[in-house]
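Beneath this line is the structure, given in structure tokens, with notes to follow.
The values are calculated or read from the model by the stated rules, or taken from the named source; none is laboratory data. On a predicted model such as this, the values are computed, not experimentally measured, just so you know. Positions of Cβ are backbone-derived with ideal geometry, glycine not excepted, and every protein chain shown enters the neighbour counts. Heavy atoms of the whole protein, side chains included, go into the accessibility calculation; ligands, DNA and RNA do not. Shrake-Rupley method; radii C 1.70, N 1.55, O 1.52, S 1.80 Å.
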Amino acid sequence: MAIDRRREAAGGGRQLPEENGSLPAGEAGSAAAATAILAVAPPAPAEIQTLPPPAAGSCSPLLLDYDGSVLPLLGGLGGGYQRTLVLLTWIPALFIGFSQFSDSFLLDQPDFWCREADGQGNGTGHLTRGSANHSQSSGAGMLGTPALPTLPPGDNASQCHCHEWQYRIRAGLVQNVVSKWDLVCESSWKVHIAKFSLLVGLIFGYLITGCIADWVGRRPVLLFSVIFILIFGLTVALSVNVTMFSTLRFFEGFCLAGIILSLYALRIELCPPGHRFMVTMVASFIAMAGQFLMPGLAALCRDWQVLQAVIICPFLLMLFYWVIFPESLRWLMATLQFEASKKLILHFTNKNEMNIESDIKGVMPELEKELTRRPKKVCIVKVVGTRNLWKNIVVLCVNSLTGFGIHHCFAKSMMGHEAKMTITHNFYADYYTMAGIALASCLAMCPVVGFLGRRGGLLLFMILTALASLLQLGLLNLIGKYSQLPDSGMSDSVKDKFSTAFSIVGMFSSHAVGSLSVFFCAEITPTVIRGGGLGLVLASAGFGMLTAPIMELHNQKGYFLHHVIFACCTLICIICILLLPESKNQNLPENIPDGEHYTRKPLLPHKKGEQPLLLTNSELKDYSGLHDSSAVGDGVSENTTANGM
């Protein structure tokens with residue numbers, strides 16, 4: 001039975017126990033007698049424990065309950081101004097989609113051959129397939145260039161001695177970065193470095209801008225990132241060599257990371273619990289629209305410099321966000337910036353034409369009392385001293401890394417790391433196949449997460465990823481051995497069909513794992529460090545994507561080991577996902593103690609009348625005084641138990 005000492009102290013005025021649990025000397029005898037009576041008496045119904053009053057230096061709990069008190073005062077997502085702000089976070093997703101998938105066109109490795117003029121001015125030479133995208137090379141016949149004979153495999157050295165190269169670009173452009181500076185043969189490694197530059201810039205940008213967003217706010221990070229991406233992005237189009245191009249692409253990726261992260265955090269913090277996931281998924285669909293429209297945009301621009309400028313110029317519209325987009329009110333309240341919060345609340349209510357006198361819960365009077373409080377900002381490094389929060393963030397970072405890392409393994413298995421294993425022979429077919437699988441994955445996430453929740457959906461997609469990976473690694477090797485037997489009746493085409501099927505399933509599920517891990521981390525990370533938490537999980541996703549150019553740089557050496565390592569990581573992630581809390585329809589944690597109090601709930605609901613094994617904090621009682629009865633119980637009887645039996 002729980003002993004509520006606060007209730008007894010308030011009712012009878014008796015003195016509370018000391019810190020070591022001992023009672024005052026005058027009450028020791030009466031406490032011993034009372035304990036002996038309680039030991040043999042039948043258990044009484046447990047009383048509901050009242051919440052302790054806030055400490056002298058703590059803030060009012062009403063102000064820190066943003067979803068329960070402040071957001072209803074503003075009208076929730078039903079307010080017209082909030083809907084306008086959400087729409088403003090969706091529009092840049094289209095521009096972000098253009099920038100994220102521009103490498104497929106700017107750095108596409110074309111077919112190339114050496115042009116040697118004959119007496120009539122016609123070119124003769126040998127066609128060489130592009131090494132970076134040789135699985136898509138035969139689709140270049142659409143451009144109308146006559147096919148030329150391919151050199152024998154042993155003549156690679158002689159074909160690189162050329163003064164004038166001719167290119168057949170498959171990505172809809174007349175000229176790209178590779179053909180501009182002849183990045184073929186001994187210079188082909190520079191293409192992979194250029195691909196590294198954008199991804200590495202994204203990784204560093206996520207880590208740094210995430211911490212800055214927690215310190216100075218989401219709005220300054222967004223606006224300064226827009227200004228600098230305009231500077232660096234437009235300068236990329238004026239690059240004079242590949243070194244300048246790669247360096248500027250790094251800074252472009254850095255600024256793009258700041259835009260992605262700040263918009264993601266603002267979108268999450270604007271919405272009530274029931275709308276967070278769908279608002280985020282709409283932004284993902286808009287970004288995919290940019291992926292689908294990118295080939296048409298490249299075909300219209302024809303030149304890589306024009307394409308780069310067209311991709312960056314729409315960010316000019318975001319300069320108006322300095323005037324029309326406010327700071328995150330949730331972040332201001334969580335960091336105790338109540339003076340700015342009051343002005344912003346009045347601004348919201350004025351825009352929504354709401355009466356401030358309808359404040360039933362008394363948020364504004366409480367806010368007036370706390371105006372003199374100093375702001376309290378937190379850095380992501382504070383999470384190291386927590387007990388549960390850092391584990392949750394690390395688990396989701398590993399999930400994100402595994403999801404995006406193994407996605408490349410499935411993509412190479414489907415497209416083939418050798419020309420004979422391709423399923424299509426057209427650049428656009430391959431491009432839209434990848435985009436279609438990503439779109440199907442996002443469409444499937446909506447009902448799955450709505451039914452199973454964040455943790456259940458993530459677990460389901462991770463199990464599918466692990467099964468597809470293990471079957472592709474194990475079953476296909478077994479089929480390959482049996483296909484070599486004369487009476488097996490199996491051919492290599494059967495193995496290729498199975499490989500294609502497992503690859504599609506793996507790409508479908510791994511894309512969902514990576515996207516859901518990022519969203520999950522944004523929900524369980526407290527508002528005061530949400531930027532840093534998002535930066536960690538997005539940087540982990542960037543490391544997973546970085547495996548693609550690394551494998552291409554090494555000419556797919558170690559590809560099988562790469563796949564085996566990520567397959568093992570999927571099994572570890574399945575176990576770790578069970579340790580995560582469920583955030584569906586839950587209020588966002590505002591500070592680090594709120595994030596620590598997220599408890600693990602079972603995947604399946606309890607049966608009626610069944611006692612849960614893990615109690616929430618509201619169900620916990622104060623048992624600190626029970627050890628006083630142990631000494632008294634020893635003196636009563638050795639055979640007497642706590643229930644008096």
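Laid out as a table, the results:
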item	result
The stretch 302-357 - residue that is among the charged types (D, E, K, R) and touching a residue at least 60 places away in the same chain (Cβ under 8 Å) and, of those, surrounded by the most Cβ atoms within 10 Å (Cβ to Cβ)	R330
Output for the stretch 329-374, where each listed residue is part of a loop (DSSP other than H, G, I, E, B) and in contact with a Pro (Cβ under 9 Å, 6 or more places away or on another chain)	T335, L336, Q337, D359, I360, K361
Where a residue in the stretch 568-579 is free of Cβ contacts under 8 Å to residues at least 12 places away in the same chain and basic (K, R) and its partner, wherever it lies, is open to solvent by 80 Å² or more (accessible area, probe 1.4 Å) and assigned to a helix (DSSP H, G or I), with Cβ under 6 Å and at least six apart	none
Residue in the stretch 593-602 that is under 27 Å from F204 (Cα atoms), at pLDDT 60 or above and under 19 Å from the mean Cα position of the chain (by Cα) present	yes
One residue from P72, P43, P52, P146 being modelled with pLDDT of 50 or more and either closer than 30 Å to T372 by Cβ or assigned to a loop (DSSP other than H, G, I, E, B) (or both)	P72
The one condition in (1) open to solvent by 30 Å² or more (accessible area, probe 1.4 Å); (2) under 30 Å from V518 (Cβ atoms); (3) modelled with pLDDT under 75 that S135 fails to fulfil	(1)
Selection within the stretch 235-249 - touching a residue at least 60 places away in the same chain (Cβ under 8 Å), buried (at least 18 other Cβ atoms within 10 Å of the Cβ) and either on the phi > 0 side of the Ramachandran plot or of a type outside the set (G, A, S) (or both)	V236, V242, F245
Helices (runs of 4 or more DSSP H) wholly inside the stretch 218-328 that include at least 2 residues being under 28 Å from Y431 (Cβ atoms)	218-236, 242-270, 276-301, 304-312
Odd one out for R276, checked against (1) under 23 Å from D108 (Cα atoms); (2) under 21 Å from the mean Cα position of the chain (by Cα); (3) open to solvent by less than 10 Å² (accessible area, probe 1.4 Å)	(1)
Index of the failed condition, Q556 passing every other in (1) touching a His at 6+ places or on another chain (Cβ under 6 Å); (2) at pLDDT below 90; (3) crowded, with 16+ Cβ neighbours inside 10 Å	(3)
Residue match in the stretch 197-204 (condition: touching a residue at least 12 places away in the same chain (Cβ under 8 Å), assigned to a helix (DSSP H, G or I) and under 19 Å from Q305 (Cα atoms))	yes
Count of the stretch 411-441 residues which are among the hydroxyl-bearing types (S, T, Y), within 18 Å of M545 (Cβ to Cβ) and at pLDDT below 75	0
Verdict on M462 being out of contact with any Phe, Trp or Tyr (no Cβ under 7 Å at 6 or more places or on another chain), modelled with pLDDT under 85, part of a helix (DSSP H, G or I) and open to solvent by less than 30 Å² (accessible area, probe 1.4 Å)	no
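For (1) in contact with a Gly (Cβ under 9 Å, 6 or more places away or on another chain); (2) of a type in the set (V, I, T); (3) surrounded by fewer than 20 Cβ atoms within 10 Å (Cβ to Cβ); (4) closer than 24 Å to E552 by Cα, each residue gets a yes or a no:
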{"residue": "V184", "(1), (2), (3), (4)": "yes, yes, no, yes"}
{"residue": "I193", "(1), (2), (3), (4)": "no, yes, yes, yes"}
{"residue": "L202", "(1), (2), (3), (4)": "yes, no, no, yes"}
{"residue": "G258", "(1), (2), (3), (4)": "yes, no, no, no"}
